[in-house]
Amino acid sequence: MPTVMIQEARARVTVGSFSQMADAPAATAPSSESAEAALAFLTEMSPDLRGAAVLGPEGEALAVTSGEAARWAEDAETLFAAGDTAEETPVEQIHIATEQGEVFAIRSEGLAAIAVTERFALASLVLFDLRSILRELARGAH
Amino acid sequence: MQKPHRILLDRVSAYADEAAAFMRRRRVARKPFARLYYAGGRSADHAQDSTAGAELFVAAGRLIEVAGNRKGGKG
């Protein structure tokens, strides 16, 4: 079997596995207080972090570390829209490294989180932390 | 007081020098990139000069701007 076919088959199986997992969207948006607490924890844990935001199910900013909440929501929506249209498939995670800094975005549990870090931040750690806070927030919202 | 072990010190210094050199090269050689991850673990890179890549970099630039330069957005 050609390698591409094997990869496609594996992707189908993996998607099937994930669809069985309890990853349902948050029934209600978490409170701003819990989102702020999650961002405070993230800021404490990540020395490379410049700023971050947690977005609710409607794309509204529940909490931000700095700057205007509305601007974060608007720019995050633009980023996810650009990601979704790149291959006409909903994107789960985005990592963009520029010379000015790095941007991480993740959608999970019906929520979204964005983080802007210094250059050369460890991508796996940042994405893990973002996914963790979204999971905790979704669990608290149920 | 006993002197530090010279061989051990030299070895640690050599490792630190190598790590520093690796990081220097990484900083110089690494180019900007946009990587998207999809369900199932698939990922795709988009070049800065592609249509999708350009949109992603513009959106990322705006987020970097709103985040500020430093932790806490003081910069």
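Structure notes:
- All C-alpha to C-alpha distances of region A:26-141, sorted into 10 Å bins beginning at zero, yield P(r) values of 15, 51, 32, 3 percent in whole numbers.
- Nearest-0.05 FRET efficiency for residue A:44 and residue A:84, computed from C-beta distance (R0 30 Å): 0.40
- Applying both filters, DSSP loop and at most 10 other Cβ atoms within 10 Å, to the GluC sites (Glu not before Pro) of region B:7-75 eliminates every site.
- Whole-Å semi-axes of the ellipsoid equivalent to chain B (Cα gyration tensor, √5λ, descending): 41, 19, 13
- The Cα center of region A:57-127 and the Cα center of region B:23-48 differ in position by 15 Å.
- P(r) of region A:52-96 over all Cα-Cα pairs, binned every 5 Å from zero, in whole percent: 5, 23, 29, 22, 15, 5, 1
- Rounded to the nearest 10 degrees, the angle from helix B:51-67 to the longest Cα principal axis of chain B is 60 degrees.
Computed from the coordinates by the stated procedures, all read-outs in this text should not be read as laboratory data. The model shown is predicted, which means the values in this text are computed figures rather than measured ones. When we count neighbours, we look across all protein chains shown, and the Cβ atoms used for this are built from the backbone with ideal geometry, even at glycine.
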